[in-house]
Amino acid sequence: MSTGSFKPKNGALRWFDDRLPILSLVHGSLGAGYPAPRNLNYFWNFGSLAGLCLVIQIATGIVLAMHYTPTVAGAFNSVEHIMRDVNYGWLLRYIHANGASMFFIVVFIHIFRGLYYGSYKAPREVLWMLGVVILLLMMATAFMGYVLPWGQMSFWGATVITNLFSAIPLVGDQIVTFLWGGFSVDEPTLQRFFSLHYLLPFVIVGVVILHIWALHLPGSNNPLGIDVKGPQDQVPFHPYYTAKDALGVGVFLIFFGLFVFYMPNSLGHPDNYIPADPMVTPAHIVPEWYFLPFYAILRAVPDKLGGVLLMFAAVGLLFFLPWLDTSKIRSAIFRPAYKMFFWLLVVDCVVLGVVGAYPPEGAWILIGQLATAYYFAHFLLILPILGKVEKTKPLPQSIAQAVLGDKAGAKPAAQPAE
Amino acid sequence: MRIKKTFILGLVASLGFANLGLAPSALAAGEAVKLKDIEFSFEGPFGTFDRAAAQRGFQVYREICSSCHSAQYFAFRNLEGIGYSEEMAKAIAAEYQITDGPDDFGDMFERPGKLSDRMPAPFPNQNAARAANGGAYPPDLSVIVKARPGGADYLYSLLTGYEEPPADIELAPGQYYNAYMAGHKIAMPQPLYDDMVGYADGTEATVEQMAKDVTVFLAWLAEPSMEQRKSIGFSFMIFMSIFVVLLYLTNRRIWRPIKKGAMPWVGKDEKA
Amino acid sequence: MSSNPSTVEQSDENGTTRRDFLYIATTAMGAVGAAYAVWPFIHQMNPSKDTLALASAEVDISAIAPGQSIKVMWRGKPVFVRNRTEKEVAEAKAVDISNLRDPQTDAERTKPGHEQWLVMVGVCTHLGCIPLGEAGEFGGWFCPCHGSHYDTAGRIRKGPAPLNLEVPDYQFISDDRILIG
C-alpha cells in the first residue's frame, strides 16, 4: 500500500528510480500503488476528464498561438487565417473553442458531484478550496480567451466585464483604466489578455497538482461518504480505475466530437464572426453559456456595486462551504432532506442560467432575483440549519459490507448503492 | 440506480441550458420572424456543397454583390474548392486588376490577378464604403453566413424578403422594407431581379434561384473546410464507437473479479 | 504493469488468450488513435496554404547591364540575378567539372539562349548566410560567415559549403522578363 515498496522490474529503470523516484511517484499517485475505494461510480470519472480537458486546451492553445496575432488589426484576420489556410487549423481552433465549454461542463458536474456526496467535508476542506481556486482561474482564463478572436462579442464582453471593476468606490475608474492600459478596450488590453491567457493555464496546472496532492492524503471520497475501514474496502487505482477512466474518456470524446465536427459554432455567438467595432454595440450582449448563472446574479441587484459584490460572493461563498454545512454525514444518500435541497439547487442554477440569457425585462427580473436569493439561502440558511435538524438514515459499517453484502462474509448490508 | 438516473437528468438539463443560451439571442436579432427553411445540400452530417450551385453563386457574387460588398478572405486559389480547375481559376484571377508594389521607383502599379491574390474590395476602406452607400457600411461577406443567427436560411430569406412596406412603417430616404431584417428597415436596395445574370449552364436566373445559389457560395466561403470537417468527423465517430466498445469490454473484464467480491489489497499489507 | 492485477487475474476462470486479445486490441487501438490525434499538431507547423500560394515572383531584367546583378526577394529569400560578362561565362565554361565538389556544367545552371544570365538563390549552402558578389578567389561569390568560395557559375570551389548555390525553377517569359517559381 505504501509507495516505498515499489521496485521496477527492469534493472535500468530501477537504477533510474533509485536516483529520481518519478516512477514510484506515478505508481503511488496514479498507478497500482494508490488505493481507491472500491465503490466509486461514474461521477468519479469527471476528475480525470477535467485533467484531460486541461491538457487538450493547453496543447491546442500552444499550437494556435503559433499562428495567432494579438493585435487589433491582426487578431480577427489571424483567426480566419487559422480557419482557412493553416493545416488542420480549423480542427485545432474548433477543439480549443468547444474545449472550453467541455471543460466547464466537466468541471460543473465534478463540483455538483462533490456537493452531492459531501466531498468537501473534513478532512478534504483544503482539497475543496483548491478546487474553487481552479474554478476562479478557469473563469478568468476563459474570459480572456474569448476576447482574443476580437469579434463583436469579444470586444463588448471585455468592455462590460472590465467595467465591473468601476463599481469599486473611489478607485474604480482608475482600476479599469489600469486593466485596459488606456481609455477603452484596445490594443494594450488585447495584448495583455493574450499574455495572461497563455500564462494562467500553467498556473492552473500548478494548483491542479496541489489539488491532487491534497486528494491523496485522505484518499478519494466515495458514494457512501463513509471512511475506508480497511484493505477490504479498496482496490488499486491501476488497473481498475485507469480502465474505468479510459472508458469515460472514450465516451466523453464522442460527446466532444459531436460538437467539434457537427456543430462547432452552436455554443458560440454569431456576433463573434463580426470583427470588433468600438462604435457599434450588439443588440444583446450575452456571455458564454458557462457564465450565464453568474451574469444573472450580477443583474439581479439594481445597484452596480451590489451586483458585482454579489456575483463574486456567489463563488467566494464556496470557500466557506465546508463550515457552512454542519452535517457530519457526507453522502446525500443518507440525508433525504439534503438530497431534495441539492436538486433544488441544481434547478436553481439552471434557472439562473436561463435568466442570464434573456434581457433583464419583465418577469425575468423577478425570477432572477428569486433564484439569486435562493442560491444564497441554500448555502447561508438551509445548509447550516439542515445539519442540525434533519433526520438521517443509518450508515453502513463499511464499504465492502455495503457493496458486497453476503459476499463480504458479514451480515447483509441495509442498502446497496449500486 | 435511482441516484444515477436523477444525475443523468441533471446532466441533460445542464446541456439543455447550454442551448437555451443561444435561443434568445437569435430571437433578439431576428425579431421572432420565422425564416424560410431551404433545404441546402450542405446541411446534415454528410452534407457537401453543390459545386454547380456554388459556381453560379460565385457568378452572382461577382456580377452583383461585389460592386458593394468585399470578401476579404476570398483568394482566387480558393476557387478550386468549388470545382474550378486551376486553369479556370487562373483565368478568372487574371480578369481582375490587382494593386501591387511599390516598384523600383516607389510607385504602386496595377497587374492582372494571380491565384495567390485575394478578391479586390470595391472600396479602399470602410469610410469610402460608407460615403458611397449613404452612410451604411456594406459588410464583408467572407464569414457572413456564420455571423448571422439563422445562417444560410437567414441570408436566403433576406435576399428574397423585399416587400411593399405595410402602411404603418415610415421609411426614410435610402431605406427599404425587408420582412427578415431586424427592424424591417434595410439600407440595401433589393439586389436581385429576375434574369440579372445569364447562367452558362442554362439554369433560369430567377430571384429565388440566384438567392439560393449565392447563399451556397457564401456558405462555402464562410467555411471552406466544412466537407473535410464532416468527413474526418465521420471517421472519428466510427473509430471511437469501436474503441469505446473495446474499452467497455476491457473495463468489464478487469472489474469482474472485484464485482464478485475479490479484495486485492487484503493480505498485501503483510508483504509490504 | 505491476504484479498486482495478476493475483486477481489468476482467479479469473476465462481463457487467457481471449482476455489477452481484448487487452491487446484495446491498447493497439488506443495507440493508433493517439498517433492520428498527434498528426494535426505536427502538420500545422508545415507551410500554410497561403504561404504555398505565394510561390512565384516576376522580375524585369531589362535594366541590368553586363557585369551587374540585382537581388530580388522570393519566398522570403534573396535571389541573385546576374548579367555575366563574356569573360565570366568563358571562365565558368572552362572549368573541368570532374574536380568539383558538386559537379555541374555551366549549361546545366543556365537557360539555353540566355547563357549570360545566372539566377540563383543567394543563400550559402553551408549554413544559410548571404554570400557577397564579385568576391572570393574565383571571382564569383564569397560567403563571409565561414569562408566558402563560389565561382562565376555559383559553384562551390573552396570552403565548407557542400553544394553549389541553388538554381530555382524559373523561366524567361520574354527576353527581358523572368518568372521565378
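The values are calculated or read from the model by the stated rules, or taken from the named source; none is laboratory data. A quick note: this is a predicted structure, and the numbers were derived from the prediction, not measured. Cβ coordinates were reconstructed from backbone atoms using ideal geometry, including for glycine residues, and neighbour counts include every protein chain displayed. These accessible areas exclude ligands, DNA and RNA; they are computed on the full protein's heavy atoms, side chains included. Shrake-Rupley method; radii C 1.70, N 1.55, O 1.52, S 1.80 Å.
Taking square-rooted eigenvalues a ≥ b ≥ c of the alpha carbon gyration tensor, is segment C:51-180 rounded, prolate or oblate, where a/c under 1.5 means rounded and, failing that, a/b exceeding b/c means prolate?
oblate
Checking an interface number: how much accessible area is buried between B and A, summed over both chains, with a 1.4 Å probe, in Å² rounded to 100?
Counting protein atoms only, the buried area is about 6000 Å².
Classify the protein assembly as shown: rounded, prolate or oblate, from the alpha-carbon gyration tensor (a ≥ b ≥ c, eigenvalue square roots; a/c under 1.5 rounded; otherwise prolate if a/b is larger than b/c)?
Verdict is oblate for the protein assembly as shown.
Within straight cross-link reach of B:K114, meaning Cα distance under 17 Å, which lysines are found once same-chain residues fewer than 8 apart are removed?
Cα-Cα hits under 17 Å: B:K90, C:K49.
Mind checking which lysines have their C-alpha under 26 Å from B:K259, skipping anything on the same chain fewer than 8 residues away?
Here the lysines satisfying the reach criterion relative to B:K259 are A:K229, A:K244, A:K393, A:K407, A:K411, B:K4, B:K5, B:K268, B:K271.
Output the peptides B:123-135, A:183-195 sorted from most to least packed, where packing is the average of other Cβ atoms within 10 Å over each peptide's residues.
Peptide ranking by packing, descending: A:183-195, B:123-135.
Rolling a 1.4 Å sphere over the protein heavy atoms, what is the accessible area per residue of the protein assembly as shown, to the nearest Å²?
Heavy-atom SASA per residue in the protein assembly as shown reads 47 Å².
Tell me, what ³J(HN,Hα) does each residue in segment C:139-156 have, in order and in whole Hz, if you take phi through Karplus 6.51 cos²θ - 1.76 cosθ + 1.60 with θ = phi - 60° and put x for Gly and Pro?
Whole-Hz 3J(HN,Hα) from phi for segment C:139-156: x, x, 10, 9, 8, x, 5, 9, x, 8, 10, 10, 8, 6, 9, x, 8, 6.
Please work out whether segment A:26-172 counts as rounded, prolate or oblate from its C-alpha gyration tensor, where a ≥ b ≥ c are the square roots of the eigenvalues and a/c under 1.5 means rounded, while otherwise a/b larger than b/c means prolate and anything else oblate?
Because a/c hits 1.5 or more and a/b fails to exceed b/c, segment A:26-172 counts as oblate.
Rounded to the nearest 500, what is chain A's calculated 222 nm mean residue ellipticity when only DSSP H runs of at least 4 contribute -39500 (n - 2.57) each, over all residues?
-18500 deg cm²/dmol
Could you list which residues have their amide H under 5 Å from that of C:Y170, counting only those 5 or more apart in sequence or on another chain, with H placed in the peptide plane?
Answer set, sorted by chain and number: C:G181.
Relative to the longest principal axis of chain C, what angle (0 to 90°, nearest 10) does the C-alpha long axis of helix C:16-43 take?
Approximately 30 degrees, to the nearest 10.
Anyone know which of B:F58, B:F74, B:F239 comes out most mobile in the 10 Å Cα GNM of chain B?
For chain B, modelled as a Gaussian network with Cα springs under 10 Å, the answer is B:F239.
Using a 1.4 angstrom probe with every protein chain in place, what is the largest-first accessible-area order of A:K9, A:K304?
Greatest to least solvent exposure: A:K9, A:K304.
In terms of Cα to Cα distance under 24 Å, which lysines are near enough to B:K34, apart from those fewer than 8 places away along the same chain?
Filter leaves B:K146, B:K185, B:K212.
Using DSSP to define loop residues, name the chymotrypsin sites (Phe, Trp or Tyr not before Pro) in segment B:75-165 whose beta-carbon has at most 15 other beta-carbon atoms within 10 Å.
B:F105
Which value in deg cm²/dmol, rounded to the nearest 500, describes the helix-derived mean residue ellipticity at 222 nm for chain B, given -39,500 (n - 2.57) per DSSP H run of n ≥ 4 and division by the residue count?
-14000 deg cm²/dmol
Non-local amide H neighbours of A:A276 (under 5 Å, H modeled in plane, Pro and chain starts lacking H): which ones?
Residues meeting the criterion, in which the H sits 1.01 Å from N, are A:G151, A:Q152.
Tell me the GluC sites (Glu not before Pro) within segment B:79-185 that lie in a loop according to DSSP and have at most 10 other beta-carbon atoms within 10 Å.
Answer by residue number: B:E95, B:E170.
Find the sum over both chains of the accessible area lost when A and C are paired, probe 1.4 Å, and report it in Å² to the nearest 100.
Counting protein atoms only, the buried area is about 1500 Å².
With +1 on the Cβ of every Lys and Arg and -1 on the Cβ of every Asp and Glu, and nothing else charged, how large is the dipole of chain A about its Cα centre, in debye rounded to the nearest 20?
Approximately 1680 debye in magnitude.
From the phi angles alone, apply the Karplus equation (6.51, -1.76, 1.60; θ = phi - 60°) to segment C:67-73 and give each ³J(HN,Hα) in whole Hz, x where the residue is Gly or Pro.
Whole-Hz 3J(HN,Hα) from phi for segment C:67-73: x, 10, 9, 10, 10, 10, 8.
Got a number for the accessible area of B:Y177? Probe 1.4 Å, square angstrom, nearest 10.
Only protein atoms counted, so the area is about 20 Å².
Please calculate the 1.4 Å probe accessible area of A:I209, with all protein chains present, and give it to the nearest 10 Å².
110
Could you derive backbone 3J(HN,Hα) for segment A:169-181 from the dihedral phi with the Karplus parameters 6.51, -1.76 and 1.60 (θ = phi - 60°), listing whole Hz in sequence and x where the residue is Gly or Pro?
So the Karplus estimates, Gly and Pro as x, are x, 6, 9, x, 5, 5, 5, 5, 4, 5, 5, 6, x Hz.
Among all stretches of chain C without exposed GluC sites (Glu not before Pro) (DSSP loop, at most 16 other Cβ atoms within 10 Å), which one is longest?
That gives C:14-114 as the longest site-free run.
Could you work out what % of the accessible surface of the protein assembly as shown is carbon and sulfur, using a 1.4 angstrom probe and leaving DNA, RNA and ligands out of the count?
Roughly 64 percent, rounded to a whole number.
What are the residues whose amide H is under 5 Å from the amide H of A:N87, where those residues sit 5 or more places off or on another chain and H is modelled from the backbone?
Under 5 Å from the amide H of A:N87 lie the amide H atoms of C:K49, each far enough along the sequence or on another chain.
Pairs of Cα atoms under 8 Å, at least six residues apart: use those to get the relative contact order of segment C:51-180, whole percent.
24
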